[in-house]
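Structure first, then comments.
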Amino acid sequence: MSNTAQRANKLFVQTFGTTADDLYRAPGRVNLIGEHTDYNDGFVLPAAINFHTIIAVKQRDDDKFRAVSDAFPGKIHTWHFGHEGTTDPDDTWVKYLKGFTAAVCASGLPAKGMDLAVVSNVPLGAGLSSSAALELAFGTALNDASQLRLSPLAVAQMAQRGENQYVGCACGIMDQMISAMGEEEHALLIDCEDLDSEPVPIPESLSLIIVNSNVPRGLVDSEYNLRREQCEQVAEHFGVESLRHLDLRTLENAKEELPEVCYRRARHVLSENRRTQNAAHALEAGNIARLSELMAQSHQSMRDDFEITVPEIDKLVEIIDAVVGDRGGVRMTGGGLGGCVVALVDHDLTDAVVEAVERQYHTATGLEASVYLCSASQGASRQDEELY
Ligand code: GLA
C-alpha cells in the first residue's frame, strides 16, 4: 500500500474509531499548454500527475458528513447534505467538499452522508490543482457510495459547479476534467466547448519536470476572476458567446475599439488556442523543436499579454530554457501569479536542468525552488487493492 494510502487509513481509524470501507484517489495536474483558455471555450493540453489526494471513506446511514484532513489536524468538519451554509474562513479545504455536495443537491440528486479522512501529497497552493484532486477524490467516492451513476466527466462538471457557485472561484473545467479522466503516459487535448477529449501520448524520450517557484501566491482568485471578466467583455463587444468564436484578424481590425488591456487579454487567448492545437500535433509527431517554440511563445504571451507571470517565474523559465534550447520546452503552468513551471525535456538533460535550477535560482531570487520529476498518470479511481 502506498504511504499516502496508509496515512489516510490510519487517520480514519484514529479519528472515527473504526476502519474505513474504501479508499479513493485523484491526481493533481500539470497543464502543458493552453492557459486561461478553458473558460473561453478553447483548447487545453493538461496531464494528470503522480501526486494525488487519497480519501478513506465509510458510508453513513444518515445525511451527515464528517471530514478530517492531515494537513489541517485537530478539527473535524461536520455538515448535512443540502445544508452546507455559506463558506466561513474556517472552511479552508472543506469548502471544496461542501461545494460538491451543494452542487449534487442543487441538481436534484439524493446522497447519503460519509465519514472521511483526507491525505494528500499534491503541493498546496502551487498551481497543481490540489483542490481539484480533493474534489474528484471526494466526488468519485460520493458517486459510488450514493450510487449517483455519474460518468467521470459528470463528476468533474459537478465539482466545477461547486467551485463556481459555492466556493466563488469562476474556474473553467480543465482541472476537474483532467483529474477525472487523465491517462497514464498521455496528456489530454480537451476542446472546452463541447468537452471532447483526445489522449496525446507523451514521447518516452521526454522527462516531465515541474519546478515550484515557491513564490507566495496572493490575490489569485480576484486576479483570476478579473481576467475572466475582461475576456467576457471582449466577447460581448463582438456579440459572440465566447472568445472561441472570434478570430485574430477580426480582433486586430477592431483593436482601437477596445480598452488596450482587454485587447491584449483576448490576443493571448486566441493565439494560445492555436498554439495548443499545434503543440498537440507536435507532441504526437515527436517534433520537440516545434513544441519548444510553442511553449516559449505561450510563456511570452502569458507574461506580456495576459500578465500572469511574476519575475521569479520568468527567471526559472530563462534558467531552464538556457539549458534545454530546442531539445525541450518550458513555460509557466496553471493559473499564474506564482506557482510552477513545467518543462518537457530530453531525458539526457534532466540532471542538467535540476543542477542549473539549484545553482542559479536562489542566487537570483533569494527563494528555494522545489523540483518534482513527474509522470503522466491515471485519473480518479477507487483503490480496492490498497485497503489494508
Ligand atoms: C486554474 C483554473 C483552470 C484554468 C487555469 C488557467 O487552474 O482552475 O480552470 O483556467 O487556472 O489555465
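The values are calculated or read from the model by the stated rules, or taken from the named source; none is laboratory data. Remember, it's a predicted structure, so these values are computed and weren't measured experimentally. Cβ placement follows ideal geometry from the backbone for every residue including glycine, while neighbour counts extend to all protein chains displayed. Heavy atoms of the whole protein, side chains included, go into the accessibility calculation; ligands, DNA and RNA do not. Shrake-Rupley method; radii C 1.70, N 1.55, O 1.52, S 1.80 Å.
The table for this structure:
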{"quantity": "Qualifying positions in region 139-166 - open to solvent by less than 30 Å² (accessible area, probe 1.4 Å) and closer than 13 Å to Ala103 by Cα", "calculated": "Gly139, Leu142, Asn143, Leu148, Ala154, Val155, Ala156, Met158, Ala159, Gly162, Glu163"}
{"quantity": "Looking only at region 21-65, and only at residues there that are within 16 Å of the ligand (Cβ to nearest atom), of a type in the set (Ser, Thr, Tyr) and open to solvent by less than 10 Å² (accessible area, probe 1.4 Å), the one that is farthest from Cys171 (Cα to Cα)", "calculated": "Thr53"}
{"quantity": "Filter result for Asp314 (in the same structural domain as Pro216 (by TED's automatic domain parsing) and more than 22 Å from the chain's Cα centre (by Cα))", "calculated": "no"}
{"quantity": "Subset of region 167-211 that is within 15 Å of the ligand (Cβ to nearest atom) and assigned to a strand (DSSP E or B) - its residue that is surrounded by the most Cβ atoms within 10 Å (Cβ to Cβ)", "calculated": "Ala187"}
{"quantity": "Some residue of region 212-227 being modelled with pLDDT under 95, of a type in the set (A, V, I, L, M, F, W, C) and on the phi > 0 side of the Ramachandran plot", "calculated": "yes"}
{"quantity": "Within region 1-105, strands (runs of 3 or more DSSP E) holding 2 or more residues that are out of contact with any Lys or Arg (no Cβ under 8 Å at 6 or more places or on another chain)", "calculated": "22-31, 46-59, 64-69"}
{"quantity": "Sole exception among (1) modelled with pLDDT of 95 or more; (2) in the same structural domain as Pro89 (by TED's automatic domain parsing); (3) at negative phi for Cys169, by number", "calculated": "(1)"}
{"quantity": "Meets criteria (modelled with pLDDT under 95 and in contact with a helix residue (DSSP H, G or I) (Cβ under 9 Å, 6 or more places away or on another chain)) for Thr87", "calculated": "yes"}
{"quantity": "Residue match in region 249-266 (condition: crowded, with 17+ Cβ neighbours inside 10 Å, more than 17 Å from the chain's Cα centre (by Cα), within 30 Å of Ala369 (Cβ to Cβ) and not assigned by TED's automatic domain parsing to the domain that holds Phe100)", "calculated": "yes"}
{"quantity": "Selection count where residues are aliphatic (A, V, I, L, M), within 16 Å of the ligand (Cβ to nearest atom) and crowded, with 24+ Cβ neighbours inside 10 Å, scope region 123-138", "calculated": "5"}
